[in-house]
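What follows is a single structure, written as structure tokens, with notes after it.
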Amino acid sequence: MILLGCGAGMAQEKSIIKGFSGGMMIHSGYQTGCDNPYGYNMQGATFGIGGVARIHLTDHFRTGFEGYVSTLGLRQDIAKGSHNKIFWTGLLADWYWQKGRFYPYAGITVGGGMETSYLMFDGSSDDWQREENAVFHKAGFVAVDPFAGCDIALGEAVRLTFKVDWLLAIRKDGLNRPYGPRLYVGFIFAH
């Protein structure tokens, strides 16, 4: 959209959209917590991947969408193949600044997601045998994900990004567990 103004007979142009950015990130973090009727504390390193797409509306404000999947492999006191997987996506808004090659930012994503837990109490995922002592649970949640990070310009259009977040997966009976911080690293392409 172009806004026209007059002053001394000259037209001024102002664009509402200042630019675009987006890319992929991998992440790792530490999750812990018990949110199952078996009293099993799901804890350990989580790994995942996802992406972001943003529109820059001002020189400091961006909005867009992001989505990620994060898997926590469960191996202590439980059969190999057990896991807790969380997927979430949503609308994001963040504020950013430019300090030379650095673009620090902070924001929040609000949306929804799904947690999937598969617990095998004996047996193995390596064979094709039926597992009689296993449970599968799937539940949706409202996602509220505050985050902070920094992009580092590697050139005109490519940035290396680092981000940390703490996903709050909210269900009708309270805050979902396991939870904990995640550290992201990836490449962002900006125009």
Taking the range 108-137, which residues are in a strand (DSSP E or B) and free of Cβ contacts under 8 Å to residues at least 60 places away in the same chain?
ILE108, THR109, VAL110, GLY111, GLY112, GLY113, MET114, THR116, TYR118, MET120, ALA134, PHE136
For the range 46-65, give me the residue count where each residue is open to solvent by 50 Å² or more (accessible area, probe 1.4 Å) and either more than 14 Å from the chain's Cα centre (by Cα) or of a type outside the set (Phe, Trp, Tyr) (or both).
8
Return a yes/no flag: does the range 68-88 have any residue that is over 18 Å from PHE141 (Cα atoms), modelled with pLDDT of 95 or more and part of a strand (DSSP E or B).
no
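Among the residues of the range 98-125, what is the count of those that are of a type in the set (Phe, Trp, Tyr), within 16 Å of ILE78 (Cβ to Cβ) and crowded, with 16+ Cβ neighbours inside 10 Å?
Start the filter on the range 98-125 by keeping residues that are of a type in the set (Phe, Trp, Tyr), which leaves 102-103, 105, 118, 121.
Going one step further and asking which of them are within 16 Å of ILE78 (Cβ to Cβ), we end up with 118, 121.
This time we only want the ones that are crowded, with 16+ Cβ neighbours inside 10 Å, so: 118.
Going through the range 98-125 one residue at a time, the tally reaches 1.
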Would you please name the residue that is least open to solvent (accessible area, probe 1.4 Å), looking only at residues in the range 169-191 that are more than 25 Å from TYR103 (Cα to Cα) and assigned to a strand (DSSP E or B)?
ALA169
For the range 12-45, which residues satisfy the criterion of being of a type in the set (D, E, K, R) and crowded, with 16+ Cβ neighbours inside 10 Å?
ASP35
Can you find a residue in the range 126-134 that is surrounded by 15 or more Cβ atoms within 10 Å (Cβ to Cβ), at pLDDT below 90 and in contact with a strand residue (DSSP E or B) (Cβ under 8 Å, 6 or more places away or on another chain)?
yes
Those residues of the range 129-174 which are closer than 23 Å to GLY67 by Cβ and of a type in the set (S, T, N, Q), in sequence order
THR161
List every residue pair whose Cβ atoms sit under 9 Å apart, with the two residues 6 or more apart in sequence or on different chains, where the first one lies in the range 140-164 and is touching a residue at least 12 places away in the same chain (Cβ under 8 Å) and the second, anywhere, is outside any strand (DSSP E or B) and hydrophobic (A, V, I, L, M, F, W, C).
ALA143/LEU167; VAL144/LEU167; ASP145/LEU167; PRO146/LEU167; LEU160/LEU154
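The values are calculated or read from the model by the stated rules, or taken from the named source; none is laboratory data. Just so it is clear, the structure is predicted and the values come from calculations on it, not from any experiment. Note that each Cβ is placed from the backbone with ideal geometry, even for glycine, and that neighbours are counted across all protein chains shown. With ligands, DNA and RNA removed, areas are computed over all heavy atoms of the protein, side chains included. Shrake-Rupley method; radii C 1.70, N 1.55, O 1.52, S 1.80 Å.
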